[in-house]
1. Taking the DSSP beta bridges in the chain as the whole, what percent of them are antiparallel, to the nearest 5?
2. Mind giving me the FRET efficiency for Arg177 and Arg41? R0 is 30 Å, r the Cβ-Cβ distance, nearest 0.05 is fine.
3. With each pseudo-label sitting 7 Å past Cα toward Cβ, what's the Lys165-Ser196 distance in nm, one decimal?
4. Return the whole-Å distance between the Cα centroid of the range 487-537 and the Cα centroid of the range 411-439.
5. Cα axis of helix 82-94 to longest principal axis of the chain: angle in degrees, 0 to 90, nearest 10?
6. Pull up all non-local amide H partners of Ala562: gap of 5 or more, or a different chain, and H-to-H distance under 5 Å with H placed in the peptide plane.
7. Compute the angle between helix 142-152 and the longest alpha-carbon principal axis of the chain, please, reported from 0 to 90 degrees and rounded to the nearest 10.
8. Any chance you could check the Cα centroid distance between the range 208-270 and the range 60-131 for me, in angstrom?
Amino acid sequence: MSADAQPILRLALPSPLRRLFDYRAPPGVPIARLQPGMRLRVPFGHREVIGVLIEMANHSEVPADKLKAALELLDARPPLPPTLFRLCLWTAQYYQHSLGDTLSWALPVLLRQGEPAEARVERVWHLAAGASLEDPRLARAPRQREALRVIAQHPHGVPQPLLAKLGLNKDSLELLRDKGLVHIEVRRHAQAPRPSHWLAQPELPLNAEQRQAFEAVRGGFGRFGAFLLAGVTGSGKTEVYLQLIREALEAGRQALVLIPEINLGPQTLERFARRFNARIALLHSAIGDRERLDAWLAARDGEADIVIGTRSALFTPLQRPGLIIVDEEHDASYKQQEGLRYHARDLAVVRAQQEQVPIVLGSATPSLESLHNAHSGRYALLRLERRAGGAQPPRYLRLDVKSRPLDSGISAPLQQAIAQTLAAGQQVLVFLNRRGFAPTLLCHDCGWVSGCQRCDARMTLHQRSNELRCHHCGHVERRPNNCPQCGQVDLRPLGAGTERAEERLAILFPDYPVLRIDRDSTARKGAMDKLFATIGKGQPCILVGTQMLAKGHHFPRVTLVAILDADGGLFSADFRASERMAQLIVQVAGRAGRAEEPGRVIIQSHLADHPLLVQLTEQGYFAFAEQALAERRAAGLPPFAHLALLRAEAHKPNQAELFLDEACSLAEGLLAEQGLSGIELLGPVPAPMERRAGRYRAQLLLQTNARAPLHRLLGQLLPRLEALPAGRTVRWSLDVDPVDLY
Ligand code: ADP
Ligand code: ZN
Ligand code: ZN
């Protein structure tokens, strides 16, 4: 055979380039041993990287003498099961991302670095049966004799890592092994056995609504089906998940549960751990690399029964998948905003389809996308309308603050309501989605404002640390004593953040503790737990916080929820702002009145009569959602249209726009050439915040009613963009189904 008839290996490499790379097989590795999905170490430029074999080919564009050989084959079998490999291919294609980079996001860090993809094994040295210290062969080998004596003292054997500690020398042991006096046992790292009965705690008898939802999903076991479990906060969604998981476990299957990052509190996890005798693998951003790999392998090899994790846990392989659950499916943290911009909820549905298992998307405030899918019949809608514990739903009051004086964001009627609640021995939750003391510092003499030098944004005043901080790029400056422009000293904080609300409330209500809960106050480890412990005692107090307060936690003693400012969601240019505001309001409100006392929700707004706000507070989230969907339909916005956003940023003004101009012409050319219609190109325009972290940003929006032509266009456009010389001076990225247009 001539050399050029040898199969070529096509590898995906950790590179942003949307292409595969050709190599020859590593020396000494027969072609027959190679399978797609295996990892190989290869030379790449001046580095060595680890790639994944995608396919074999007989021909390469690379001339034979330029084609390099891979250095090493790392796997005896593909680390990724075929189903997950397929999910990665699908993901790369759908999000128009490099396959190599997609695999990098999907694989645990240690696997990307070449670590063996097998569960850890431990080598243990044992005394062989019949071995004796008096063995004549040891008469003139005192070191071997001593080693044998030490081994003999350990009836359960000596694990390899302990050899050095016991003063044992490996060479002596190998010699003993040659003589048949010791042997090595290779055993899997401590693995818990599969439990025989699953419930560690009795289940609650389901109410009628819960039972109906439960039966619907259970009836769909063993095949794909998507269920939107829309249940008000406290309606017992989690109880339904738990019982479905038990069903899956009893059927010999594994369950995958995705939760938002913020719900990873002990409360959620404890609930699963308390219910089941199950091996639970936990996957989230805060665990170490080794732990992550172990959990990943346990899931893949069927040694974990339940996998719970945040966004990226979606890519955990499962040996026997039976059920997928996405809790709080509307949560924005499911969308990754950098690199591979995937949406874990959407991919979870794709995965369920590929694996032929049912998926449950649960939320008290379903996303408009999911509701639309339910209306069109793609998802089955399951509603839970009553609170399971019998608690009353909260009552809403819209408080018009037009031309009312606000004291650090707090109106007089609200102050009275707070006073009343505290006096009744109950707790108050004050919600304000803005950290810091004030969003701006203003010079009263010359009008200077605290702009960020790197962004088109204001720096937020943080009083505690006496700093100005940019919440967009992280830039920090000391708070100036004098105006940087005119030198005067009358610098005034403008607007209110949580710090200011906290300070003011502490002055207004000196007899009660005021607890602030936001990213600043909970940054220190353990701070959060301490705050929650204080609240849990049930004494009257005021909680002030950001959206951290809106999720996952239950505050049974809170009977008044105050939303200081609902206007942002009604004024914003972002078409999703009102949806987010409604979800936040309902989620925050859901924290209250879970016990016997019903909750009250006071919403301060300058637009108290806004139809969306009226609908939300008088008829509930679903009425709001219908109205919002009708508006989206009329405006031709998602979910009735599909978007892709091409973003670019550069150090010099205009560079990003010039690049996008070229991209736009290329796209127009392709559209004409292919006869593709129904795709609108909007822009390029400067990004709403044009300068951020020292870069000038611009964007080009692609909008369509049908995904297929859009994906055809993108598939051809992106390789051309990669080849554009202008692309070298800008950073650009594509966001398919962007959730944030800014
Ligand atoms: P959700 O997940 O919808 O917020 P949970 O499952 O947390 O609701 O349930 C809210 C509260 O109601 C919990 O205290 C839970 O123990 C209780 N609960 C749930 N289902 C039932 C039931 N069938 N009978 C009695 N109490 C229930
Ligand atoms: Zn000034
Ligand atoms: Zn900044």
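Derivation of every value follows stated rules applied to the coordinates shown; laboratory data play no part. Please read all numbers here as calculations on a predicted model, not as lab measurements. Methodologically, a virtual Cβ is constructed for each residue, glycine included, from the backbone with ideal geometry; neighbour enumeration extends over all protein chains shown.
1. Details: 64 of 116 bridges.
Here the antiparallel bridges make up roughly 55 percent for the chain.
2. Rounded to the nearest 0.05, the efficiency is 0.45.
3. The two pseudo-label positions are separated by 3.4 nm.
4. Cα centres, the range 487-537 to the range 411-439: 12 Å.
5. 40 degrees
6. Close amide H contacts, sequence-distant or interchain: Leu429, Val430, Phe431, Ile602.
7. Roughly 50 degrees between the two axes.
8. Answer, in whole Å: 32.
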